[in-house]
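Let me begin by presenting the structure, written as structure tokens, before commenting on it.
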């Protein structure tokens, strides 16, 4: 069960990184464990597709906002620790019995709470 959870977590992180890879550039230095931001072009965001100006600006703002959220010391770089901190917090919140593993029940409960927060946030934004 532990292996399954870890593989699921790793897969989720890989997919998350793959989705932001076009708009984040890794440092040129060998062995550098930091990520820096750059302005994404339309081609980087969606190769072969042209976005309307408003859509492109919204995406750029979201990337900058999320980058700033992860860059807790505001030095313009995201370290591995900064990147992992929100995931570790979420895991600790979900692990209600504190045993270091998530049961299906704990995971399901955590997922439902997250979806509820997202719905409330979206609903609040439309008012």
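Residue by residue, here is whether (1) within 22 Å of residue 4 (Cβ to Cβ); (2) surrounded by fewer than 10 Cβ atoms within 10 Å (Cβ to Cβ) holds:
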residue	(1), (2)
72	no, no
76	no, no
85	no, no
92	yes, no
101	yes, no
110	yes, no
124	no, yes
Where residue 114 falls short, out of the listed (1) surrounded by fewer than 12 Cβ atoms within 10 Å (Cβ to Cβ); (2) modelled with pLDDT under 90: (1)
Criterion violated by residue 96 - all others in (1) surrounded by 13 or more Cβ atoms within 10 Å (Cβ to Cβ); (2) closer than 16 Å to residue 8 by Cβ; (3) over 16 Å from the mean Cα position of the chain (by Cα) satisfied: (2)
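The values are calculated or read from the model by the stated rules, or taken from the named source; none is laboratory data. Values in this document were obtained by computation on a predicted structure and should not be read as measured data. Methodologically, a virtual Cβ is constructed for each residue, glycine included, from the backbone with ideal geometry; neighbour enumeration extends over all protein chains shown.
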